[in-house]
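What follows is a set of notes on a single structure, which appears directly below.
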Ligand code: GDP
Ligand code: IMO
Ligand code: MG
C-alpha cells in the first residue's frame, strides 16, 4: 500500500496523464483534487489516444475506482460529454467506477461567459486563460455564492442560487463587458435537465477514500496544471485559480496530510508554457520551433501552440521544495534527441545579483536573465529503449545533472507517449 500524489513540476502539460495511467495499474483509487476542465491529460494505450479533462486518468485501467474530489470545479455538461466519449471505446464509466464529490462546485454558463468577456476586455494584459470558467467558478466558491454538485438534488435551491448569482453577473456582463446577459430560467432549465444523469455519480468522496485507506488500498492523487501555475506560489497573476501544490490534496479531497507517502513530480525534459506570463528560458527561435514540432506542443484543451524553452532547474528546485517531491518522472526525453548541445538554466541574474530561487515580486521573473550550463546533446531514436543503461551516455549525464541541481532523484523516464514507452529505474 502506498499513496502517491502526482503533480506537474513546471507550468502544466508535463505528461501527468501518461504517468497516472501507467501508475494506475498498481492503484485501486485515482482522485482528482483541484482544477477543472482547464486540464487536458493525454493517454496513449495500444496506439489509441484519449484526452481527459475531468475524469481521472486511471479510468482506462479496469480495476480502478476514479473519484472527483470537492476541490475540483465541475462543468456538468463537459463531464457528461467526456463520459459518453470514453464509454464509446467500451470503458466502464458507470457509478460503480466513477464518483463526484457532493461538495464539488459547479461551473455554470455565466462563469464561462465572464471568463471570456474579461479576457477580451483585458487587451494587452490578458492571462491567456482556457476560457472554461475556472477563475469565476472559484471566485463564487470563495464568495460563498457557488452551486455545489449536491445542490442538483434540490431544484428550488438551484433556482434561488442562480437568480441570486445572476443579479450581480448580469450587471457585469451587460454594463461592464458589453456581453449578453443570461436568463435565470434558461440556466436552471439546462442545468436541471442534466441532473438525472449526474446524480447517480454523487457521493461522499472523503468517506470513500477513508474506506480505501482503511482497506490498505493504494491511492493515486492526480494533480492538474503545474506548481508554477499555483494561485499562491505560481507566477502570479499569470496563474490558475486553484492551489496546484501537493499540500492541496488534503483540502481538495478531505484527507489527512499524513495519508501521503510519495510525491512524484512530473517534469518535462525541457520547458513549455501555454498562455501569458514570465518564462525565463523561452526560445523564440528555430530551436523553440523544433521542440514544438517534434514534441507536438499544442494544447490538449485549447489547441494553442505551447511556448517552448530549455529546462529550468531553478523552477524544478523550487517545485521540489514547495511540495516535498520525493522523486521525479522526467518525460519527453526523446524529443531532445538530435540537438547537438543542451542548455540547463541553473540560476538567474537580476539587477546584477545571482538568484538561486524565483524572485517573488510581481514582474521580477520577467526581468531575469537565465544563467545557463551547456552540456552535450545526444542523438538517435531512444523511444524504443526500456533500460536506463541503454540510454546514450550524454542522456544519462543530462539526467544525473538534473538530479544534482534539483536535489531529487529521477525514478522514471518517459521516452514516448505510449504507456509502455517508459524506463523505470
Ligand atoms: P498533462 O496535462 O501533464 O497530462 O500533459 P498533456 O497530455 O497535456 O501533454 C503531454 C503530451 O506529451 C501529450 O500529447 C502526451 O501524449 C505526450 N507525451 C507524454 N510523455 C511523452 C514522452 O515521453 N515523449 C513524447 N514524445 N510525448 C510524450
Ligand atoms: P494540465 O492539467 C497548461 C493555464 C492557462 C492560463 C492559466 C490560467 O493539462 O497540465 P485558467 O483557465 O486555469 O484560468 O487559465 O493557466 N493552464 C494550463 N496550462 N496545462 C494546464 O492543465 C492548464 N490549465 C490552465 O493556459 O495560462
Ligand atoms: Mg495538459
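Every number in this text was worked out from the coordinates using simple rules, so none of it is lab data. Note that this is a predicted model, so its numbers are computed, not measured. Because the Cβ atoms are built from the backbone with ideal geometry, glycine has one as well, and the counts that use them run over all protein chains shown.
Computed values, structure above
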| item | result |
| --- | --- |
| FRET efficiency for residue 177 and residue 145, using Cβ-Cβ distance with R0 set to 22 Å, rounded to 0.05 | 0.70 |
| For the range 1-79 and the range 307-366, distance of Cα centres in Å | 25 |
| Antiparallel content of DSSP bridges confined to the chain, in %, to 5 | 40 |
| Theoretical ellipticity at 222 nm over the chain - DSSP helices of four or more residues, -39500 (n - 2.57) apiece, nearest 500 | -9000 deg cm²/dmol |
| Relative contact order (%) - the range 259-382, alpha-carbon pairs under 8 angstrom, separation at least six | 30 |
| Zero-based 5 Å bins, Cα pair distances in the range 213-329, whole percents | 2, 10, 19, 21, 19, 13, 8, 5, 2, 1, 0 |
| Percentage relative contact order, the chain, counting C-alpha pairs under 8 Å, at least six apart | 20 |
| Alpha carbon convex hull of the chain, projected area averaged over orientations, nm² | 20.1 |
| Cβ-based exposure ranking for 357, 310, 11, in which fewest neighbours within 10 Å come first | 357, 310, 11 |
| Neighbour-count ranking [beta-carbon atoms within 10 angstrom, fewest first] of 188, 345 | 188, 345 |
| Exposure proxy ranking, count of Cβ atoms within 10 Å, fewest first, for 327, 312, 334 | 327, 334, 312 |
